[in-house]
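Asks: Sharing a structure here in structure tokens format.
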Amino acid sequence: MSRLQIRAIRAGEFEAARLLLAANGWASRVSDSQLFAELLVRSQIAIVAVEGEVVVTTRLVLQELLQGFSGPKAKAAIIDRFAALPPIQPDRQDHVAAAEVRNVCRQGGVQVGTIDALLMQLCGRYDLTLLSSDQDFAHAAPLVPFRLWGQG
């Protein structure tokens, strides 16, 4: 069992903390990234709790899973298990950048779907590692800056 580590938040984590708060109902209070960073620097207590790796998802992944399974028990189980994962909410910038990801892949001879391009964009933006068995991601990895679990 891993131990929970409580430590001072690092400057490189300010934006990730702000985005996590924004995605979980605090958007109006943390909308200005520069002000948020200044508040953390000036705060006497600015800590984070870290326990191994944090697993996040998008609501798009939840939707795709629900579309692929049938039956009320499977649906309820998926919804219940995904409720524990904090969501990453793509914004306009992510959708614009995902279109570019898809174009770069197409120019490199790799066909990826709209949602896959958005997932790669989110992983690149938030410095996340994508866990997927879909080989489209493995083909796109040399063309797009994102980390794929199990890849060098």
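The values are calculated or read from the model by the stated rules, or taken from the named source; none is laboratory data. Because the structure is predicted, anything quoted here is derived from the model rather than measured. For neighbour counting, all protein chains shown are included, and Cβ atoms are generated from backbone atoms with ideal geometry for every residue, glycine included. For accessibility, only protein heavy atoms count, side chains too; no ligands or nucleic acids. Shrake-Rupley method; radii C 1.70, N 1.55, O 1.52, S 1.80 Å.
Asks: Under 9 Å between Cβ atoms, at least 6 apart or on separate chains: pull out the pairs that start in the range 66-85 with a residue that is over 19 Å from VAL56 (Cβ atoms) and end on any residue that is open to solvent by less than 60 Å² (accessible area, probe 1.4 Å).
Replies: Going by the 9 Å Cβ cut-off, the qualifying pairs are PHE69/ALA77; PHE69/ILE78; ALA74/LEU66; LYS75/LEU66.
Asks: How do the pairs read when you match residues in the range 11-25 that are over 25 Å from ALA83 (Cβ atoms) with residues anywhere that are loosely packed, with under 15 Cβ neighbours inside 10 Å and modelled with pLDDT of 80 or more, using Cβ under 7 Å and keeping only pairs 6 or more apart or on different chains?
Replies: Listed by first residue and then by second, the contacts come to GLU15/SER33.
Asks: Look through ALA16, ALA83, ALA46, ALA8 and report the one residue that is surrounded by 10 or more Cβ atoms within 10 Å (Cβ to Cβ) and either within 22 Å of GLN121 (Cα to Cα) or at pLDDT 75 or above (or both).
Replies: On the way: ALA83 fails: surrounded by 10 or more Cβ atoms within 10 Å (Cβ to Cβ); ALA46 fails: either within 22 Å of GLN121 (Cα to Cα) or at pLDDT 75 or above (or both); ALA8 fails: either within 22 Å of GLN121 (Cα to Cα) or at pLDDT 75 or above (or both).
The unique qualifying residue is ALA16.
Asks: Here's another thing I want to ask about it. Do any residues in the range 114-130 that are among the β-branched types (Val, Ile, Thr) have Cβ atoms under 6 Å from those of residues that are not in a strand (DSSP E or B), where the two are at least six apart or on different chains, and which pairs are they?
Replies: Partner pairs satisfying both residue conditions: ILE115/LEU60; THR129/TRP149.
Asks: Return the residues of the range 127-148 that are under 12 Å from the mean Cα position of the chain (by Cα) and either open to solvent by less than 30 Å² (accessible area, probe 1.4 Å) or at pLDDT 90 or above (or both); say none if nothing qualifies. Spell out the reasoning first.
Replies: Of the residues in the range 127-148, the ones under 12 Å from the mean Cα position of the chain (by Cα) are 127-131, 146-147.
Across the range 127-148, the qualifying residues are LEU130, PHE146.
Asks: Could I ask something else about it? Just to be sure, is GLN34 at pLDDT 80 or above and under 25 Å from LEU130 (Cα atoms)?
Replies: Values: at pLDDT 80 or above: yes; under 25 Å from LEU130 (Cα atoms): no.
It is false that GLN34 is at pLDDT 80 or above and under 25 Å from LEU130 (Cα atoms).
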